[in-house]
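Peer 1: Here you go, one structure.
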Amino acid sequence: MKKIDYGIDAPHVIRNLIIFSVIGFLGPIFFPIIKIGPVIIAISGFLWMGIACGLMAVWMILYSVYGKLKHRDRILNMIDWNGSEMVLDVGTGRGLLVIGAAKRLTTGKAIGIDIWNMEDLTKNKMENTLDNVVLEGVKEKVEIKNDNAIQMSFANNTFDIVISNLCLHNIYNSEDRKKACSEISRVLKNGGVGIISDFKHINEYRNNFAQSGLKTKILPASYFTTFPPLAILKINKL
Ligand SMILES: C[S@@+](CC[C@H](N)C(=O)[O-])C[C@H]1O[C@@H](n2cnc3c(N)ncnc32)[C@H](O)[C@@H]1O
């Protein structure tokens with residue numbers, strides 16, 4: 001029986017943190033002192049590394065399992081919905097935002113785009129996103145497409161709302177991130193609203209959108225519900 005599952009973000013980062021945590025805990029037990037020639041290294045300090053990495057891994061898992069649902073509500077509550085909007089979720093993954101948006105629509109439509117990088121989210125496949133869409137009962141209002149944020153297939157001024165969570169930092173060079181911001185500006189209608197959430201480059205995105213003539217406002221991260229802490233950038237196309 002299939003169950004709704006929005007995946008665990010950055011699984012390789014969590015795996016590495018767990019490995020460092022185990023080394024940090026077990027190292028001092030099995031090798032309390034390492035001798036390299038005349039140099040003696042006491043590795044009890046590794047314990048702190050183990051504790052820190054373990055806490056970060058747990059916090060990241062808690063974000064993926066519980067925090068991201070709260071974070072989705074925070075993002076979607078920032079929009080004045082009338083139910084008829086055309087919505088785009090950039091880097092939808094397993095459909096977290098696009099499904100949340102669709103639940104606020106009546107006659108509108110929500111489109112989620114992604115290129116489904118497996119290293120960014122567990123079981124990141126279009127079929128799994130479509131399963132979530134069906135399980136959440138929003139099939140009639142959602143479309144999921146394979147489309148790249150840096151070169152979208154949509155016409156100018158298509159969307160009333162563009163939302164995106166933890167996607168743009170996965171575009172590794174700043175020129176391409178700039179293209180993605182310019183694509184978001186292009187497909188947003190005049191009078192449209194965008195909410196971009198990410199844990200880094202948020203000032204860079206703000207400058208990119210400002211250069212495209214959009215009004216921008218950064219809201220602080222919630223350290224309680226998100227880890228890494230996710231800042232929110234609100235953009236308005238005037
Ligand atoms: C960490 S996941 C977040 C997924 C979802 N937004 C969420 O909050 O659960 C990042 C997503 O961005 C997608 N992504 C990365 N680069 C992209 C690009 N250039 N165009 C579209 N999607 C991209 C990845 O495939 C992945 O699904």
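Peer 1: In region 161-190, how many are part of a strand (DSSP E or B) and touching a Lys or Arg at 6+ places or on another chain (Cβ under 6 Å)?
Peer 2: Applying the first criterion (part of a strand (DSSP E or B)) to region 161-190 yields 161-165, 188-190.
Restricting the remaining residues to those that are touching a Lys or Arg at 6+ places or on another chain (Cβ under 6 Å) gives 188, 190.
Number of matching residues: 2.
Peer 1: OK, next. Take Ser44 and decide whether it is outside any strand (DSSP E or B), surrounded by 13 or more Cβ atoms within 10 Å (Cβ to Cβ) and in contact with a helix residue (DSSP H, G or I) (Cβ under 9 Å, 6 or more places away or on another chain). Please lay out each step first, then the result.
Peer 2: Numbers: outside any strand (DSSP E or B): yes; surrounded by 13 or more Cβ atoms within 10 Å (Cβ to Cβ): no; in contact with a helix residue (DSSP H, G or I) (Cβ under 9 Å, 6 or more places away or on another chain): yes.
Against the criterion (outside any strand (DSSP E or B), surrounded by 13 or more Cβ atoms within 10 Å (Cβ to Cβ) and in contact with a helix residue (DSSP H, G or I) (Cβ under 9 Å, 6 or more places away or on another chain)), Ser44 does not qualify.
Peer 1: If you scan region 101-116, which residues turn out to be surrounded by fewer than 24 Cβ atoms within 10 Å (Cβ to Cβ) and within 10 Å of the ligand (Cβ to nearest atom)?
Peer 2: Within region 101-116, Ile113, Ile115, Trp116 meet the criteria.
Peer 1: Say we look at region 155-167 and pick out the residues that are over 18 Å from the mean Cα position of the chain (by Cα) and not hydrophobic (A, V, I, L, M, F, W, C); which of these is surrounded by the most Cβ atoms within 10 Å (Cβ to Cβ)?
Peer 2: Going through the qualifying residues, I end up with Asp160.
Peer 1: From the list Glu119, Glu140, which one is in a helix (DSSP H, G or I) and within 14 Å of the ligand (Cβ to nearest atom)? I'd like the intermediate steps shown before the answer.
Peer 2: Working: Glu140 fails: within 14 Å of the ligand (Cβ to nearest atom).
Criteria check complete, one pass: Glu119.
Peer 1: So which of Asn170, Asn128, Asn146, Asn132 is assigned by TED's automatic domain parsing to the domain that holds Asn207, surrounded by fewer than 16 Cβ atoms within 10 Å (Cβ to Cβ) and of a type outside the set (D, E, K, R)?
Peer 2: Selected residue: Asn146, the only one of Asn170, Asn128, Asn146, Asn132 that is assigned by TED's automatic domain parsing to the domain that holds Asn207, surrounded by fewer than 16 Cβ atoms within 10 Å (Cβ to Cβ) and of a type outside the set (D, E, K, R).
Peer 1: Inspect all residues belonging to region 87-99 and state whether any of them is in contact (Cβ under 8 Å) with a residue 24 or more places away in the chain, out of contact with any Pro (no Cβ under 9 Å at 6 or more places or on another chain) and of a type in the set (Ser, Thr, Tyr). Break it down stepwise before answering.
Peer 2: Quick first cut of region 87-99, residues in contact (Cβ under 8 Å) with a residue 24 or more places away in the chain only: 87-99.
Those still in the list that are out of contact with any Pro (no Cβ under 9 Å at 6 or more places or on another chain) too: 87-99.
Right, trim to of a type in the set (Ser, Thr, Tyr) and you get 92.
The answer is yes, given that some residue of region 87-99 is in contact (Cβ under 8 Å) with a residue 24 or more places away in the chain, out of contact with any Pro (no Cβ under 9 Å at 6 or more places or on another chain) and of a type in the set (Ser, Thr, Tyr).
Peer 1: Further question on the same structure: Does Asn157 satisfy being farther than 24 Å from Gly83 by Cβ, out of contact with any His (no Cβ under 6 Å at 6 or more places or on another chain) and not charged (D, E, K, R)?
Peer 2: Working: farther than 24 Å from Gly83 by Cβ: no; out of contact with any His (no Cβ under 6 Å at 6 or more places or on another chain): yes; not charged (D, E, K, R): yes.
Spelling it out, it is not the case that Asn157 is farther than 24 Å from Gly83 by Cβ, out of contact with any His (no Cβ under 6 Å at 6 or more places or on another chain) and not charged (D, E, K, R).
Peer 1: Residues in region 64-76: is at least one of a type outside the set (Lys, Arg) and over 22 Å from Ser222 (Cβ atoms)? Lay out the reasoning, then the answer.
Peer 2: We begin by selecting, within region 64-76, every residue of a type outside the set (Lys, Arg); these are 64-67, 69, 71, 73, 75-76.
If we keep only those that are over 22 Å from Ser222 (Cβ atoms) as well, we get none.
No: zero hits.
Peer 1: Additional query: Collect the residues in region 58-88 that are small (Gly, Ala, Ser) and either farther than 15 Å from Phe224 by Cα or in a loop (DSSP other than H, G, I, E, B) (or both), keeping them in residue-number order. Don't jump to the end; show me each part of the working.
Peer 2: Here is the first cut: in region 58-88, the ones small (Gly, Ala, Ser) are 64, 67, 83-84.
Those that are small (Gly, Ala, Ser) and either farther than 15 Å from Phe224 by Cα or in a loop (DSSP other than H, G, I, E, B) (or both): Gly83, Ser84.
The values are calculated or read from the model by the stated rules, or taken from the named source; none is laboratory data. Bear in mind that the values here come from a model prediction, so they are computed numbers and not experimental data. Note: ideal-geometry Cβ built from the backbone for every residue, glycine included; neighbour counts use all protein chains shown.
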